[in-house]
1. If you average the C-alpha positions of region 249-264 and of region 165-209 separately, how far apart do those two centres end up, in angstrom?
2. Computing the accessible area with a 1.4 Å probe over protein heavy atoms, can you report the carbon and sulfur percentage for region 235-290?
3. Starting from the Cα gyration tensor of region 204-328, take the square roots of the eigenvalues, sort them a ≥ b ≥ c, and report rounded, prolate or oblate (rounded when a/c is under 1.5, otherwise prolate if a/b is larger than b/c, else oblate).
4. Describe numerically, in nm with one decimal, the distance between label points set 7 Å from Cα along Cα→Cβ at residue 267 and at residue 378.
5. Please name which of 238, 113, 86 has its Cα lying farthest along the dipole of the chain towards the positive end, using unit charges on Cβ (Lys, Arg +1; Asp, Glu -1) and the Cα centre as origin.
6. Answer rounded, prolate or oblate for the chain, using the Cα gyration tensor with square roots of eigenvalues a ≥ b ≥ c: rounded when a/c is under 1.5, else prolate when a/b is larger than b/c, else oblate.
7. How big is the gap, in Å, between the Cα center of region 13-38 and the Cα center of region 310-344?
8. Which of the peptides 247-258, 161-172, 95-106 is most tightly packed, and how do the rest follow, going by the mean number of other Cβ atoms within 10 Å of each residue?
Amino acid sequence: ARLRRAHARLMQRTALYEEHLALGARMVDFAGWEMPVQYAGVIEEHRAVRTGAGLFDLGHMGEIRVSGPSAGAALDYALISTPSALLVGRAQYSMIVNEAGGILDDLVVYRIADAEWLVVANASNRTVVAAALRERVGGSATVVDESDDTSMIAVQGVTSAEVLGSLLVEEERLAFHALRNYSATTMHLEVEGAAITALIARTGYTGEVGYEAYVENAHAVALWRALLAAGSANSHGTPFQPIGLGARDTLRLEAGMPLYGNELREKLTPFDVGFGRVVKLDKPDGFVGSGALAARSARGERFGRTLVGMRVTGRGIARHGYEVRRPGGATLGLITSGTHSPSLGYPIALADLDAEAAPFTPGEPLEVLIRGEGVAAEVTGVPFIPKRSTEGRAQGAHQQGG
């Protein structure tokens, strides 16, 4: 018990920690942060987002500002994508890789001014990403880790625009409702009789329409409470409630979104996990890891591994680390994420399989070893449910690996 208390004291807490306790949340250790895993229950919270909307505390995420006249070119060299090509107010999914092309983290990058970008990293990788950016940009740009001073609060779901939009100052509501997916702009929210400044982004990690608001920590509690009140008063009478890590994981898995530490890790390249399209090998000055990725790409995009969606048709849930094989055959790889889908009513999973055994065709039978027994499964398409937020783009795991 003493060890548990000592460990809890070492964990970091977001600005909303006391709010979670007041709401009866069950708290867990997540990437060194004491975070809510559930409030009312995972299934109820999951269904609230799919049918109404939900409120998420993402204050554990990393926010790193990169600025200066040469910041765009510096980020092009640091990341696999081309942040310099973004228009102001737009965002892109990206990754940062090592010299061998292995994934250090997946990111969302916002261009928030002509010479200013915001790089959002996973909590567990925030320090690594900030250090790598500083090393790679050298003196060509300024890199400031603003994570300790910033809170991110997300509203995700069918009624998210109504809920968040109700707090905007009147003159900015039209612009808010015109926000495209993967766009962001600075706006003002009316909270407790005052206007607070927030970066509002139409991004998320659920497959639903949704928004993320970045504010100073000092405004987090007031904004959280105002959103809870607005959500409870929404005109549709649909569910609205705070959402913990448990439902966030089932939501992202149904939407086929990878999680760093599960689907994404340093031993894999973007090509191994189906994100070769994000890699821009034609950049004139290359990027860190481009040589290794270009050499492998010359052999085709089917590298050593491939990420496959699965439905378990037998009895049982395919959990992280379970072996996968063709019926009666040799092991092909391991489950990276698996759960019982609240929306579909059956177990689903993502698996990291040997690309040499591909293609894996939808409907093809597979087996998952559950407690030593081969349980029937089949290959499915990914995402498992249609995304309502993507406008044709696949959104990745910023939100939220560890």
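The values are calculated or read from the model by the stated rules, or taken from the named source; none is laboratory data. Since the model is a prediction, treat every value here as computed from it, not as a measurement. Counting neighbours? That spans all protein chains shown, and the Cβs are built from the backbone with ideal geometry, glycine included. The protein model used for the area step is the full one, side chains on, heavy atoms only, and it has no ligands, DNA or RNA in it. Shrake-Rupley method; radii C 1.70, N 1.55, O 1.52, S 1.80 Å.
1. The distance from the Cα centre of region 249-264 to that of region 165-209 comes to 26 Å.
2. 48
3. In terms of gyration-tensor shape, oblate.
4. 3.1
5. My answer, from the dipole projection, is 238.
6. oblate
7. Cα centres, region 13-38 to region 310-344: 30 Å.
8. 247-258, 95-106, 161-172
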